[in-house]
Amino acid sequence: MLYPLDNGIREVKELSGLWNFKVDFKNEGFEKRWYENPLADTIEMPVPSSYNDLTTDTAIRDHIGDVWYERIIFIPNGWVNQRIVLRVGSATNHAVMWVNGQEVARHKGGYLPFEADITDLVKQGEKNRVTIAVNNILDWSCLPSGEIKTYKDTSKYPEGYKTQETYFDFFNYSGIHRPVRLYTTPKSYIEDVTVQTDIQDSNGVIKYSVSTQGDIASVKVSAFDENNKLVATSKGKNNQFIIKNAHLWEPGNAYLYSLVFQTESEQGVVQDRYELPVGIRTVRVAGKQLLINEKPFYFKGFGKHEDSDLHGRGMDEVINVKDFNLLKWIGANSFRTSHYPYSEELMRLADREGLVVLDEVPAVGMCFWSETNTVFNEERVNEQTLEHHLQVIREMIKRDKNHPCVVMWSIANEVATNEEASEPYIRAVAEETKKLDSTRPNTIVHTMWPSVDRVSQYVDVICLNKYFGWYSDHGKLDLIEKHMDKELLEWYEKYKKPIIITEYGADAIAGYHQVPAVTFTEEFQIELLHQFHKSFDKHDFVIGEQVWAFADFATKQGLTRVVGNKKGIFTRQRHPKSAAFYLQKRWLGKNPKW
Ligand code: BDP
């Protein structure tokens, strides 16, 4: 799915700003057809943002169900004869969208875009009303999954009392989280483009395919370098270029060519145009290593969240730029989009900045760490979940397939892969990623132990989240290295695949200090990381370390969470804890691994 572009042929109108907003406390909006008329009794709500932290009302923050957004749009005069598309970057978790009271789109899943052709529904020179109902209920038919718990005992709970149960460790932020835009294309237009790159000697090979709609006679493609110099041209819907002595897209040293796709009519009139930033690079797994441009790559970085004060999960270029500058400052070269695909704006920035991304679907919370309470059963993770999981994989790959920064697809985080039924399930998901994209390795992120895992034969790289010294043997720094060594060797022995440690860490409250270190102090966080590193450095099949987490983040309330998860190396305001300087020294220092 193409990112909307403004390029002289296509135009984009940003619809960010204040929208009318109303919480459907009585769950009556659909029945009363709120979309048919302007919403009554609304408050102002910024888009993009999570609505949860912006009012003073607990009932709004913790609302379970629908909220409604609305705004008036005008169609510019110059858009006559254009195809007009309304596009939402993401609405968490599900949405229905109307234009002038007519339903135009329905989308399940909170972290990927959806759009609708609204050309025939909007009127030039008049007010047009856009209404979006956003629902935040999570059940086992969607990702992430969850369940609504109802409390029947009216002697203890008010009538109809319910809570949203989630089995993941982040606040279920809700709302329109990414930009809403109107954009145009000509009536005959470029629908999608796919590029795949290769390197032969010192030349770059770019294979492309273009899909179009309408009457299009020919497709021309031109490649420009970063100085805007034309370096190659090609013709046809499926073809390839050779770029002599190509500049490669390297981690930390990105180079982006601009591929300009142009369609023409029979008469040679230019119809549509689309510019795609393209990084020439290869990625493959070879034995114990992952090679980017045939060079072994070691992942240094973090699991992150899209999370910040007040904005919640709302896309914010200010945060994105600050985060990337901090990543570079600390010597990180990569991050994982834990636990959902991040905004398109952020992915474009990662392409530009040369940060390497593990792109993850929102399959999180599919594990209860219990022998008896299973997750893979008719009531929980079942056929319906799988169907949606595959759908999300398709949407994510469709959106992110052209990003050079994405080197691997992460198909799930912490699944009960010890359960028998997890095997065919994960196999289906893993095979889908391969079918859709044979150019990138895939992975699954584990909390399980090698002896019980049933699925890692289906992925190329194994990712592990390990919390020795924290969730097991809490506070026992002296056991970490030994435990980690043992487990790493067992995983490698069983599957003979490269391993990335995608989570390890400890909560540290900024400003808490003590010697000797105790848990929750900044000193303990450093010492714990150091113990893990002693183990990682010994094993050549360990190809990366990503600390959990980049910054402190909001979670649901819980006895182990003091105003959120404090495993950040930076505070939620992006101020460094002491461990930031420790990591900077390690990652910018010399190590045989990098
Ligand atoms: C891991 C999860 C991550 C949590 C982390 C923690 O993948 O989302 O935030 O544990 O507990 O299991 O800090």
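Within the stretch 314-335, how many residues are crowded, with 24+ Cβ neighbours inside 10 Å and either within 16 Å of the ligand (Cβ to nearest atom) or in a loop (DSSP other than H, G, I, E, B) (or both)?
3
Each row is one residue, and each column tells you yes or no for (1) more than 16 Å from the ligand (Cβ to nearest atom); (2) in the same structural domain as Glu317 (by TED's automatic domain parsing); (3) closer than 19 Å to Thr337 by Cα.
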residue: Thr374; (1), (2), (3): yes, yes, no
residue: Asn413; (1), (2), (3): no, yes, yes
residue: Ala428; (1), (2), (3): yes, yes, no
residue: Lys434; (1), (2), (3): yes, yes, no
residue: Thr439; (1), (2), (3): yes, yes, no
residue: Asn442; (1), (2), (3): yes, yes, yes
residue: Trp449; (1), (2), (3): no, yes, no
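Within the stretch 117-209, which strands (runs of 3 or more DSSP E) (wholly inside it) include 3 or more residues that are open to solvent by 20 Å² or more (accessible area, probe 1.4 Å)?
Details: elements: 128-135, 146-150, 162-166, 180-185, 189-200.
Per the criteria, 146-150, 162-166, 189-200.
Does the stretch 475-486 contain at least one residue that is within 16 Å of the ligand (Cβ to nearest atom), in contact (Cβ under 8 Å) with a residue 12 or more places away in the chain, assigned to a loop (DSSP other than H, G, I, E, B) and in contact with a Phe, Trp or Tyr (Cβ under 9 Å, 6 or more places away or on another chain)?
Yes, the stretch 475-486 contains at least one residue that is within 16 Å of the ligand (Cβ to nearest atom), in contact (Cβ under 8 Å) with a residue 12 or more places away in the chain, assigned to a loop (DSSP other than H, G, I, E, B) and in contact with a Phe, Trp or Tyr (Cβ under 9 Å, 6 or more places away or on another chain).
Starting from residues that are more than 30 Å from Arg380 (Cβ to Cβ) and not charged (D, E, K, R), keep the ones in the stretch 336-356 and report whichever is most open to solvent (accessible area, probe 1.4 Å). Let's see the steps before the verdict.
Pass one, the stretch 336-356, residues more than 30 Å from Arg380 (Cβ to Cβ): 344-356.
Filter again for not charged (D, E, K, R), leaving 346-347, 349-350, 354-356.
Working: Leu346: 4, Met347: 0, Leu349: 38, Ala350: 0, Gly354: 2, Leu355: 5, Val356: 1 Å².
Result: Leu349.
How many residues, within the stretch 11-32, are of a type in the set (D, E, K, R), within 21 Å of Asn136 (Cβ to Cβ) and in contact (Cβ under 8 Å) with a residue 60 or more places away in the chain? Reasoning before the result, please.
Restricting attention to the stretch 11-32, the residues satisfying the condition of being of a type in the set (D, E, K, R) are 11, 13-14, 22, 24, 26, 28, 31-32.
Then drop every residue that is not within 21 Å of Asn136 (Cβ to Cβ), which leaves 22, 24, 26, 28, 31-32.
Those left that are additionally in contact (Cβ under 8 Å) with a residue 60 or more places away in the chain: 24.
Number satisfying all stated conditions: 1.
Give the residues of the stretch 417-447 that are aliphatic (A, V, I, L, M) and surrounded by 23 or more Cβ atoms within 10 Å (Cβ to Cβ), sorted by residue number. It would help to see each step written out before you state the result.
Just the residues of the stretch 417-447 that are aliphatic (A, V, I, L, M), to begin with: 421, 426, 428-430, 436, 444-445.
Hits for the stretch 417-447 are Ile426, Val429, Ala430, Ile444, Val445.
Within the stretch 504-543, work out how many residues are open to solvent by less than 10 Å² (accessible area, probe 1.4 Å), within 16 Å of the ligand (Cβ to nearest atom) and touching a Lys or Arg at 6+ places or on another chain (Cβ under 7 Å).
6
Scan the stretch 564-587 for residues that are within 16 Å of the ligand (Cβ to nearest atom), farther than 22 Å from Val318 by Cβ and out of contact with any Phe, Trp or Tyr (no Cβ under 7 Å at 6 or more places or on another chain) and jot them down.
Within the stretch 564-587, Lys566, Ala579 qualify.
Got a sec? Which of Phe376, Phe368 is in contact with a helix residue (DSSP H, G or I) (Cβ under 6 Å, 6 or more places away or on another chain), in a loop (DSSP other than H, G, I, E, B) and open to solvent by 10 Å² or more (accessible area, probe 1.4 Å)? Quick ask: steps written out before the conclusion?
Numbers: Phe368 fails: in contact with a helix residue (DSSP H, G or I) (Cβ under 6 Å, 6 or more places away or on another chain).
Selected residue: Phe376, the only one of Phe376, Phe368 that is in contact with a helix residue (DSSP H, G or I) (Cβ under 6 Å, 6 or more places away or on another chain), in a loop (DSSP other than H, G, I, E, B) and open to solvent by 10 Å² or more (accessible area, probe 1.4 Å).
The values are calculated or read from the model by the stated rules, or taken from the named source; none is laboratory data. Since the structure is predicted, the reported quantities are computational estimates derived from the model, not experimental observations. Because the Cβ atoms are built from the backbone with ideal geometry, glycine has one as well, and the counts that use them run over all protein chains shown. These accessible areas exclude ligands, DNA and RNA; they are computed on the full protein's heavy atoms, side chains included. Shrake-Rupley method; radii C 1.70, N 1.55, O 1.52, S 1.80 Å.
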